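Below you'll find the structure, written out as structure tokens, and then a few comments.
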Amino acid sequence: MIAPEETHIEKHTCSSEEETLALGERLAQELSAGDMVCIAGDLGAGKTVLCRGIAAGLGVDPSDVRSPTFAIAHEYRGAVEVLHFDCYRISKPEEVLQIGWDDYLQRPAVILIEWPENIEPLLQEESFTGKFLWIDIGAAGSNRELTVTRKI
Ligand SMILES: Nc1ncnc2c1ncn2[C@@H]1O[C@H](COP(=O)(O)OP(=O)(O)OP(=O)(O)O)[C@@H](O)[C@H]1O
Ligand SMILES: [Mg+2]
């Protein structure tokens, strides 16, 4: 979470999967190793689609990007390493600590997290030195409202 007084919020409407992919590719341009993007939204909101766009923008083959629901984390190699977490099945943040969360954070990678709400106590913005984005996706039909929150 980012303290409300320090945030900059921008909203985007994406009316197709392709537009969400393209937004992800654009967002990737401001990311580099050490940055984290948390992506929240209901089942089917388009979190993985956005991750695919971001990863593609970082030089990862988009067809490699799938929800890592069973493995929790997927690792991709692009121009930088991309670590993709899906915390849907996580009921306690300790479960992520057990799979080596602290070691993942040490890696020179861009970290993408679906269902970040489930590990929110581990996601205090001030504990990261890299860029920290929190994106909420709301869905209505094929429209997606993406709210991107970042520290000023
Ligand atoms: N504007 C849009 N942007 C993104 N996806 C869209 C859009 N319109 C329709 N879709 C569809 O919504 C679905 C989004 O699926 P996706 O796997 O990305 O969701 P998710 O949020 O990752 O779900 P889960 O919580 O199960 O991981 C896809 O089937 C995609 O084709
Ligand atoms: Mg997903």
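Evaluate the distance, in nm, between pseudo-label points positioned 7 Å from the Cα of residue 42 and of residue 151 along their respective Cα→Cβ axes.
3.3 nm
Using 0.36 nm times the number of residues separating residue 7 and residue 77, minus their current alpha carbon distance, what extension gain do you get?
Using 0.36 nm per residue and subtracting the Cα-Cα distance, I get 22.1 nm.
Figure the gain on full extension for residue 124 and residue 98 (residue separation times 0.36 nm, minus the Cα-Cα span) and round it to one decimal in nm.
7.5 nm
Pull up all non-local amide H partners of residue 60: gap of 5 or more, or a different chain, and H-to-H distance under 5 Å with H placed in the peptide plane.
79
Can you pull the one-decimal nm distance between simple spin-label points at residue 89 and residue 30, each 7 Å off the Cα toward Cβ?
Spacing of the two 7 Å Cα→Cβ label points: 3.4 nm.
Which FRET efficiency value, to the nearest 0.05, is calculated for residue 117 and residue 22 with the Förster distance at 22 angstrom and r the Cβ-Cβ distance?
Taking R0 as 22 Å, the efficiency between residue 117 and residue 22 is 0.25.
When the Kirkwood radius is taken over all Cα pairs of the range 90-152, what Stokes-Einstein diffusion coefficient follows at 37 °C and 0.692 mPa s, in µm²/s?
Roughly 243 µm²/s, to the nearest whole number.
Starting from the eigenvalues of the Cα gyration tensor, five times each then square-rooted, give me the equivalent ellipsoid semi-axes of the chain, largest first, whole Å.
Listed largest to smallest, the semi-axes of the chain are 21, 18, 16 Å.
With n ≥ 4 as the cut-off for DSSP H runs, can you work out [θ] at 222 nm for the chain, using -39500 (n - 2.57) per run divided by the number of residues, rounded to the nearest 500?
Value at 222 nm, helices only, nearest 500: -6500 deg cm²/dmol.
If you count the DSSP beta bridges with both ends in the chain, what percent of them are antiparallel, to the nearest 5?
Counting only bridges with both partners in the chain, antiparallel ones make up about 55 percent.
Tell me, what is the per residue accessible area of the range 1-59 in Å², probe radius 1.4 Å?
On a per-residue basis, the range 1-59 sits at 46 Å².
Could you work out the pair-distance distribution P(r) of the range 27-72 from its alpha-carbon pairs, with 10 angstrom bin width and percents rounded to whole numbers?
Reading the bins upward from 0: 25, 57, 19.
Quickly rank 30-43, 49-62, 124-137 as a protection proxy: mean count of other C-beta atoms within 10 Å, highest first.
Sorting 30-43, 49-62, 124-137 by mean packing, highest first, produces 49-62, 30-43, 124-137.
Across the range 138-151, in residue order, what do the Karplus-derived ³J(HN,Hα) couplings come to in whole Hz, using 6.51 cos²θ - 1.76 cosθ + 1.60 with θ = phi - 60° and x for Gly and Pro?
In residue order, the calculated couplings are x, 10, 9, x, 9, 8, 10, 9, 10, 10, 9, 10, 9, 6 Hz.
The values are calculated or read from the model by the stated rules, or taken from the named source; none is laboratory data. The shown structure was predicted, so the numbers you read here are calculated from the model rather than taken from an experiment. Here Cβ is always computed from backbone atoms with ideal geometry, including for glycine, and neighbour counts include all displayed protein chains. Ligands, DNA and RNA are excluded from the accessible area calculation, which covers all protein heavy atoms including side chains. Shrake-Rupley method; radii C 1.70, N 1.55, O 1.52, S 1.80 Å.
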